[in-house]
Amino acid sequence: MAAIDGSAAPLLDVRGVTLQYKTKDHLVTATYRIDFQVRRSDRFILLGPSGCGKSTLLKAVGGYMSPVEGEIRLKGDIIKKPGPDRMMVFQEFDQLLPWKTVRENVLFPLLASGRLSGSAAERKAMETIALVNLSQFADSLPHTLSGGMKQRVAIARGMAMEPDVLLMDEPFAALDALTRRKMQDELLALWNATQFTVLFVTHSIPEAIKIGSRILLLSPHPGQVKAELNSLAPDAPAAELDLLEKRIHSMLFADAVEETVPHE
Amino acid sequence: MNETAIARAELIREPIPSSRFGVVAKPLSTWERIANIGALRKTAILIVLALIWEIYARWLNNPLLFPTFSSTLAAFRDGLIGGELLQRAGTSVKVLLMGYSAGIACAAILTIVAITTRVGTDLLELLTSMFNPLPAIALLPLALIWFGLGNGSLVFVLIHSVLWAVALNTHSGFLSVSNTLRMVGRNYGLTGLRYVGKILIPAAFPSILTGLKIGWAFAWRTLIAAELVFGVSSGSGGLGWFIYENKNQLEIPNVFAGLFTVIVIGLLVENVVFRNIELRTVRKWGMQS
C-alpha cells in the first residue's frame, strides 16, 4: 500500500484550499484549508452535513470559482476555468438541454469540445447510451423521461467524454429510494467496466460507503477535513459495513451529541 | 385503547393479469377528437362572430356606417381579383419585414452586449424604460424630417416599435436561464457567441418567441397607423393608405375590406407562422405546455 502511495502522482491535488463566496450582505467562508489527493480510478467521496462546503468544493474543482488560498491542480496544472476534462453531473434534472434528444445531448459535448467528430462521435455516443441501458430512448426528448433516466443520460454524457475526473454533485439525491439504490448499483457496474475516476459529493453515509473507495469527511461552518477513510467493498460482511457506518456517524456528529440527544 | 397491539395477519395477493381487464385504454370518440383540434374550435368561433356581424349589420341597415359581412367579403374579393388589395398588402408587408428584421437585428446586438457586460445591462434597462413607453407614431414627424417622405421613415419607426419589446423579452429570457444549464454550457468549454447561440438562445426561446410575437404586433399597428398619417411613397401606398383613400371616397365596404386584410394577415402570421415555430420548438422540447 505504502509503495503504491509513494509512486503514483495524484491525478487531482487539492492543497490548502480556502473558498469564500459573497452573499448579499456577508462574505461566507465555505471551506478552510482543505487538503486531499485523488488518484486515478478512485471513487472519491466528499461526505459531510449540509453547510460543510462540499458542493462549493466540487464547483471549485469544476473551475466555476477559484480558491482565495491554496491551489487545485489536475495532472499538475492549476485549474482556472470550467472545461470538458472535468465533466459534471448535477443533482438537478434540468441539466439536460431540453431542445436536444438523448443522443444529441450525449453527442453535443463531444462535438462542441472537438474531442471527437463525425461518425466516431456518433459511435461513442451510442456506445455510452447503451452502457446506461437507454438505447431504446436515444431519440426521446428529455422531458419525456423519468428522473432516474435523465440522471442516467447525464452520467452517459459525462462518461462519453472520458474526462480525467467525473464530478458528481449529489446526482441521486432527488431520486426516490428505490431508483436511487438501482442507480448506485448501476454506477458501480459502470465503474467495474471502465474504472473511471470519480469525485462524488453526498450527504448520505450509506451511499458514501457503498459507492466510495475512499471517503473524505468534512465538518461544517466552515468546511474542514475531519478524516479521510478507506471504504469497504460492497460485498463486505454486513457487520463490518454497519460498524463503518456507525464510526462515520459518530465522527460526523461528535460535536452535536450534546445538543441533540437521540430519543430512543 | 391498544389497537396497535392487535396482531394482524399478513396479506399476499396475486394481481389479475391485465388481459382479463375490460378497458385499459380506449380510443376517444370521433366527436371528442374533433373537439380537440384547436384550429377547428377557433374556426367555429370565427363563424359565430361573422354571423353576429352579418345579423347586426342587416338589422342596422346602414351600409355607410356599418356594411354587412357579405358586402365586406365581396369588396375583399373584388379587391383581390382586381389585384389592388394584394398589391397594397404586398407594399405594406415588404416595408414591415424590412423594419421587423432590422429591429430584431438591433435587439440582438443590444441584448448580446447587455448579457456580456454590466454597462450593457444598464444601457439596455435605461433605454428600454425610456423608449418602450414612447409611441412609435410620436417619432414619425421627426423621422419625416430626418429621412424624408419614404420607406426610410417607416423603417425607422418600425425599428423603434420592434426593438424594445424584443430586446426586453430576450434579455429577461436570458436572465431566467437556469443556473444548471449555464454551468453545463461552460462545462463543455463554450464561451462567447457559441455559448450564447448554443445554450442561451435555445434555453431562453420561450421568452424570445413572446418578444418576437409582441414585436410583430407592434410593428403591424405602427405601420398601418403611419400609413394612415402619410403613406404615399412613390405613388403606391400600403394598406393604411388604402383605408384612408377609401374613407375619403366613402367606399365604406372597401375600408372594411382593408381592415379585414390587416386582420387576416395578423391571424395567418399568428396561427400559421408563429404557431408552427412554437410546435417545432418550445412545445416539442416540453418547455411550454
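Bear in mind these aren't lab numbers, they're just calculated from the coordinates by the rules spelled out. Remember, it's a predicted structure, so these values are computed and weren't measured experimentally. Glycine gets a Cβ as well: all are built from the backbone with ideal geometry, and neighbour counts include every protein chain shown.
A search for C-beta distances below 6 Å between a residue of the range A:53-82 that is touching a residue at least 60 places away in the same chain (Cβ under 8 Å) and at positive phi and any residue that is in a helix (DSSP H, G or I) and among the hydrophobic types (A, V, I, L, M, F, W, C), counting only pairs 6+ apart in sequence or on different chains, returns nothing. Among the residues examined, A:Glu127 does not qualify as assigned to a helix (DSSP H, G or I), within 14 Å of another protein chain (Cβ to nearest Cβ) and acidic (Asp, Glu). Filtered by the rule that a residue be at negative phi and in a strand (DSSP E or B), the range A:27-43 gives A:Leu27, A:Val28, A:Thr29, A:Ala30, A:Thr31, A:Tyr32, A:Ile34, A:Asp35, A:Phe36, A:Gln37, A:Val38, A:Arg43. The set of residues in the range B:237-289 being more than 15 Å from the chain's Cα centre (by Cα), part of a helix (DSSP H, G or I), more than 14 Å from chain A (Cβ to nearest Cβ) and surrounded by fewer than 18 Cβ atoms within 10 Å (Cβ to Cβ) consists of B:Glu245, B:Lys247, B:Asn248, B:Leu259.
Residues that are among the hydrophobic types (A, V, I, L, M, F, W, C) and touching a residue at least 24 places away in the same chain (Cβ under 8 Å) within the range B:267-284 comprise B:Val269, B:Phe274, B:Ile277, B:Val282, listed in sequence order. Residues in the range B:208-218: is at least one in a helix (DSSP H, G or I) and within 14 Å of another protein chain (Cβ to nearest Cβ)? So far as the range B:208-218 goes, yes, one or more of its residues are in a helix (DSSP H, G or I) and within 14 Å of another protein chain (Cβ to nearest Cβ). If you go through the range A:89-124 and pick out every residue that is away from chain B (no Cβ under 14 Å) and either in contact with a Ser or Thr (Cβ under 8 Å, 6 or more places away or on another chain) or buried (at least 18 other Cβ atoms within 10 Å of the Cβ) (or both), you end up with 2.
Each residue in the range B:173-196 was checked for being farther than 17 Å from A:Gly114 by Cα and within 11 Å of chain A (Cβ to nearest Cβ), and 7 pass. When residues of the range A:203-227 are filtered for being outside any strand (DSSP E or B) and closer than 11 Å to A:Thr31 by Cβ, how many remain? Matching residues across the range A:203-227 total 3.
Based on this model, can you work out whether A:Gln184 counts as crowded, with 18+ Cβ neighbours inside 10 Å, assigned to a helix (DSSP H, G or I) and either away from chain B (no Cβ under 13 Å) or of a type in the set (Asp, Glu) (or both)? Criteria met by A:Gln184. Among the residues of the range B:174-191, those identified as crowded, with 16+ Cβ neighbours inside 10 Å, part of a helix (DSSP H, G or I) and not charged (D, E, K, R) are B:Phe174, B:Thr180, B:Leu181, B:Met183, B:Val184, B:Gly185, B:Asn187. Considering (1) surrounded by fewer than 22 Cβ atoms within 10 Å (Cβ to Cβ); (2) not in a loop (DSSP other than H, G, I, E, B), the lone condition that B:Ala114 does not fulfil carries the number (1).
Tallying residues that are in contact with a Pro (Cβ under 9 Å, 6 or more places away or on another chain) and in a helix (DSSP H, G or I) within the range B:39-72 yields 3. The condition of being within 11 Å of chain B (Cβ to nearest Cβ), among the polar types (S, T, N, Q) and touching a residue at least 24 places away in the same chain (Cβ under 8 Å) does not hold for A:Gln37.
Of all residue pairs spaced 6 or more apart or on separate chains, those with beta-carbon atoms under 7 Å, a first member in the range A:236-248 that is acidic (Asp, Glu) and a second member that is part of a helix (DSSP H, G or I) are A:Glu245/A:Ile205; A:Glu245/A:Pro206; A:Glu245/A:Ile209.
For the condition within 26 Å of A:Leu217 (Cα to Cα) and touching a Leu at 6+ places or on another chain (Cβ under 6 Å), A:Thr56 qualifies.
Looking across the range A:71-123, the residues that are farther than 20 Å from B:Ala204 by Cα, of a type in the set (Asp, Glu) and not in a helix (DSSP H, G or I) come down to A:Glu71, A:Asp77, A:Asp85.
Which of the residues belonging to the range A:63-88 are touching a helix residue (DSSP H, G or I) at 6+ places or on another chain (Cβ under 7 Å) and either closer than 21 Å to A:His221 by Cβ or within 11 Å of chain B (Cβ to nearest Cβ) (or both)? Residues satisfying the conditions are A:Tyr64, A:Met65, A:Pro67, A:Pro82, A:Pro84, A:Arg86, A:Met87, A:Met88. Would a scan of the range A:136-150 turn up a residue that is in contact (Cβ under 8 Å) with a residue 60 or more places away in the chain and more than 14 Å from every other protein chain (Cβ to nearest Cβ)? No; the residues of the range A:136-150 include none that is in contact (Cβ under 8 Å) with a residue 60 or more places away in the chain and more than 14 Å from every other protein chain (Cβ to nearest Cβ).
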